[in-house]
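The values are calculated or read from the model by the stated rules, or taken from the named source; none is laboratory data. All values reported here derive from a predicted model rather than from experimental measurement. Cβ sites come from the backbone with ideal geometry, for glycine too, and all protein chains shown count toward neighbours.
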Ligand code: PLP
């Protein structure tokens, strides 16, 4: 016979994120990445987006107290080894998430400060940037902005490596333990260099730049893979290294589903 519990209980991770109906980014990407990295994925849904490969055409926000209640239910019963946030949509949702993360043990806490989709649709209300800076970043183990997000959060021009480091310092001053300023939007044509900063050391993480228009979900995938490795007990540097390896392979495996930007793949 087959044992009822054959493989034991895997590590668990939680994503607090929005739904992408196209399945390429958002919580759908997070769940797929968690699975491929060996962890059980739980979700606290923040918003339902109407979205396909060409962009976002609608956003329906979940009430802030319902977002917090999902986190509370998951952490209280299932327990999580690490947590990430993606699309948070509004200041009330950010405040509710910050309240519950302050109160509960969510493990290492990765904040991917999602502001807009690659096509430019807003995934965070402009008036929510302040709540992100003052309520959520101080709680973060790691914050993972791309260059446009780092620019929005700091007001600095993040156009080259020195700019990435300067933004990492400014963001670190807001309270997160580690900052990863990603280089995917900086110096096209160069290898993608991400800057990881803990307040003292600056680490540069390199990966070849993959030439493809199908990069939908790249940021989610990196943050989710990193969170999955944190849930398995790796330290931040090693988790980010492996996260970057994962997303590089995922971009190589991207496919053109739909007329626009296809999603990163997870088939290897
Ligand atoms: N939709 C949702 C729900 C997301 O969380 C994100 C990114 O975090 C996106 C869309 C944007 O993905 P991309 O910029 O890769 O298109």
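Residues are listed down the side, and each one gets a yes or a no for (1) closer than 17 Å to residue 136 by Cα; (2) within 16 Å of the ligand (Cβ to nearest atom):
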{"residue": "171", "(1), (2)": "yes, no"}
{"residue": "175", "(1), (2)": "yes, no"}
{"residue": "179", "(1), (2)": "yes, no"}
{"residue": "192", "(1), (2)": "no, yes"}
{"residue": "197", "(1), (2)": "no, no"}
{"residue": "204", "(1), (2)": "no, no"}
{"residue": "207", "(1), (2)": "no, no"}
{"residue": "214", "(1), (2)": "no, yes"}
{"residue": "217", "(1), (2)": "no, yes"}
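Are there strands (runs of 3 or more DSSP E) fully within the range 28-90 with at least 2 residues that are buried (at least 22 other Cβ atoms within 10 Å of the Cβ)? List them.
Once the strands (runs of 3 or more DSSP E) in the range 28-90 are filtered for at least 2 residues that are buried (at least 22 other Cβ atoms within 10 Å of the Cβ), what remains is 40-52, 82-85.
Just the residues that are farther than 13 Å from residue 194 by Cα, outside any helix (DSSP H, G or I) and over 15 Å from the mean Cα position of the chain (by Cα), please, taken from the range 142-158.
Passing the criteria: 155, 156, 157.
Mind telling me which of the residues 192, 167 ends up being touching a helix residue (DSSP H, G or I) at 6+ places or on another chain (Cβ under 7 Å) and free of Cβ contacts under 8 Å to residues at least 60 places away in the same chain?
167
Given the criterion touching a helix residue (DSSP H, G or I) at 6+ places or on another chain (Cβ under 8 Å), free of Cβ contacts under 8 Å to residues at least 60 places away in the same chain and under 26 Å from residue 54 (Cβ atoms), identify the matching residue among 175, 184, 199, 217.
Only one candidate passes the filter, namely 184.
Could you please let me know if residue 187 is away from the ligand (no atom under 16 Å from the Cβ), in a loop (DSSP other than H, G, I, E, B) and either closer than 26 Å to residue 162 by Cβ or in contact with a strand residue (DSSP E or B) (Cβ under 6 Å, 6 or more places away or on another chain) (or both)?
In short, yes.
I need the full set of residues from the range 43-86 which are without any contact (Cβ under 8 Å) to a residue 40 or more places away in the chain and more than 16 Å from the ligand (Cβ to nearest atom), in order please.
63, 64, 65, 66, 68, 69, 72, 73, 76, 77, listed by residue number.
In the range 177-198, how many are within 16 Å of residue 240 (Cα to Cα) and surrounded by fewer than 17 Cβ atoms within 10 Å (Cβ to Cβ)?
Qualifying residue count for the region: 2.
Pairs needed: first member in the range 254-267, over 26 Å from residue 38 (Cα atoms) and touching a residue at least 40 places away in the same chain (Cβ under 8 Å); second member anywhere, within 10 Å of the ligand (Cβ to nearest atom) and outside any loop (DSSP other than H, G, I, E, B); C-beta distance under 7 Å; at least 6 residues apart or different chains.
Final answer for the pair search is 260/55; 261/216.
Any residue at all in the range 10-21 that is modelled with pLDDT of 95 or more, surrounded by fewer than 18 Cβ atoms within 10 Å (Cβ to Cβ), within 10 Å of the ligand (Cβ to nearest atom) and not in a strand (DSSP E or B)?
Within the range 10-21, one or more residues are modelled with pLDDT of 95 or more, surrounded by fewer than 18 Cβ atoms within 10 Å (Cβ to Cβ), within 10 Å of the ligand (Cβ to nearest atom) and not in a strand (DSSP E or B).
Report, ordered by the first and then the second residue, all pairs with beta carbons closer than 8 Å, sequence separation of six or more or different chains, a first member in the range 103-131 that is at positive phi, and a second member that is in a loop (DSSP other than H, G, I, E, B) and near the ligand (Cβ under 8 Å from one of its atoms).
none
Looking only at the range 91-114, how many residues end up being part of a loop (DSSP other than H, G, I, E, B) and surrounded by fewer than 19 Cβ atoms within 10 Å (Cβ to Cβ)?
Selection size over the range 91-114: 2.
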